[in-house]
Amino acid sequence: MLAKDSALDALPLSAEQRKWAEGVGFKGTAKQQTLLPGSDGRIAGVLFGLGDGSAGEPSGPSELLIGQLAQSLPAGTYRLAQDPREPTLAAIAWGLGSYRYTRYKTKRNGAAQAAGLRFPQGADRELAINTIEAVRLGRDLINTPASDLGPAEIEAAARDLAKRHGARIEVTVGDELLDKNFPMIHAVGRASPRAPRLIDLSWGREGARTITLIGKGITFDTGGLDIKPSSAMLLMKKDMGGAAAVLTLAHIVMAQKLDVRLRVLIPTAENSVSGDAFRPGDVLVSRAGTTVEIGNTDAEGRLVLADAISLADEQAPQSMYVFATLTGAARVALGPDLPAMFTNDDAFATEMVATAASVGDPVWRLPLWPGYDCKLDSPVADMNNVWEAPFAGSITAALFLKRFAKQAQRFAHFDLFGWRPAANALGPRGGEPQVARALYTVLAKELCR
């Protein structure tokens, strides 16, 4: 690995290899690479550029760029000739960069065998393996089309994790949601032949710090009776990206055995169209007893989350984190690569932004602006699920959720895209459980203080 314009003399190259690198114009720009031939004609090594942080180069630590090698090198096992400053991050980058979703590929057209990496000296092998495995789980879930991933399959993934880590799990399904007072989850999912459900997983020592993760699990979103145009439905298999992110994070937390009392809540449903679909103008009664006028059936994610948040809030957790592919407004504001964060904890927000950048899992804070809270008022119910004006959609959505979190000491909501629109060093185009790695890093740091 070489920074831009560094001297080739600093690398352990033979005179012939140095001439080769000079001849092909290797300068060490970001992600520039060249194979080095050996005297026997085989590959003797690889030169890879880390750049110098110039404008236009990828942001984040240079170790993240190493994932590009996992995608582009011939099959084999490689080692880093120079020890990276952050060996664990380098190992994670390689593992994430080598990911391919091949479930629907035939053998003839399947992806080639990926290049492997010997763990860099000083890397936390266990953390790297657990992180890579967890992120791959989240990516697989998001990438699976709705034909093969409905609420039952989300439940199956959660049950697999619970069994693996010795967690307790309870699932409330179909009309049982009404019996147990989760009316808005039921309303959103009742139009689909796939029964909606609430997944409730808990793990960890009683008396430990309480952390609750809540993930939106809408396995496909037609928009309901406020139906989306066909172009807007193309990626709606990813509308369960919040559920994938919390399962990713929970997997890392449990595998690393953090000393926390963890609870994971996933309201999961399919927002479909049928004669039983909930309607614009309907008034729903939430678990909290608050009435909600439906201004738009395509704002269904916040409805299922509200019932789950109310359940979580009954235990007054020390920290509550909500993950959801919630609004297009967040994407307009920040684009697909930068999830929006809303929180009532300023110190946490500062730590999250800095830590997220340091691990290549970025996030950016937007305000829980109280001046917009009244925009959710309704003339016929306690609140509307949307603001009629086309302004501040991500903020008002976050304020809607916050209304149901009254006792949690720390509240944070992450409005995700859940999808990488173009390949980069950390993986191909496709599903991404954003913020999971960043939040794990922050939680681990906090527990060490």
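The values are calculated or read from the model by the stated rules, or taken from the named source; none is laboratory data. All values reported here derive from a predicted model rather than from experimental measurement. Reconstructed Cβ throughout: ideal geometry from the backbone, glycine too, with neighbour counts over all protein chains shown. Ligands, DNA and RNA are stripped out before the accessible areas are found, and what is left, the full protein with its side chains, is counted by its heavy atoms. Shrake-Rupley method; radii C 1.70, N 1.55, O 1.52, S 1.80 Å.
Table for the structure above
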| item | result |
| --- | --- |
| Pairwise label distance in nanometres, ASP337 with ASP9, each label 7 Å out on the Cα-Cβ vector | 3.6 |
| Cα Rg over Rh - the stretch 154-212, Kirkwood | 1.06 |
| Pair-distance profile P(r), taking every C-alpha pair of the stretch 161-293, with 5 angstrom steps and integer % | 2, 10, 17, 19, 18, 14, 10, 6, 3, 0 |
| The chain - share of DSSP beta bridges that are antiparallel (%, nearest 5) | 50 |
| Sequence-separation-based contact order of the chain, relative, with Cα cut under 8 Å and 6+ spacing, percent | 16 |
| Extension gain from LYS257 to ILE43, taking 0.36 nm per residue of separation minus the Cα-Cα distance | 72.9 nm |
| Mean shadow area of the stretch 302-449 over all directions, Cα convex hull, nm² | 9.5 |
| Residues of the stretch 58-101 with amide N under 14 Å of the 7 Å Cα→Cβ point at GLU126 | none |
| Local electrostatic count, PHE400, Cβ distance below 11 Å [Lys/Arg +1, Asp/Glu -1] | +3 |
| P(r), alpha carbons of the stretch 323-407 - 5 Å bins starting at zero, rounded % | 3, 13, 23, 23, 19, 10, 5, 2, 1, 0 |
| Over the stretch 406-449 - Rg/Rh using Cα atoms and the Kirkwood inverse-distance radius | 1.12 |
| Efficiency of FRET between ARG449 and GLU170 - r from beta-carbon atoms, R0 51 angstrom, step 0.05 | 0.95 |
| Sorted largest first, extent of the stretch 209-260 alpha carbons per principal axis (Å) | 46, 17, 10 |
| Percent of C-alpha pairs per 10 Å bin, the stretch 372-449, short to long | 14, 30, 30, 21, 5, 0 |
| Average accessible area per residue (Å²) across the chain - probe 1.4 Å, nucleic acids and ligands excluded | 42 |
| Amide proton proximity set for PHE323, modelled H, under 5 Å, gap of 5+ | ILE214, GLY215, LYS216, PHE414 |
| Residue-span extension gain [VAL24 to ARG79] - 0.36 nm each, minus C-alpha spacing | 17.5 nm |
| Structure-derived mean projected area of the Cα convex hull in nm²: which label, when the choices are (1) 23.2; (2) 24.6; (3) 19.8 | (1) |
| Extension gain from ALA354 to ALA389, taking 0.36 nm per residue of separation minus the Cα-Cα distance | 9.3 nm |
| C-alpha center-to-center spacing [the stretch 304-319, the stretch 365-390] in angstrom | 20 |
| C-alpha center-to-center spacing [the stretch 423-439, the stretch 210-269] in angstrom | 15 |
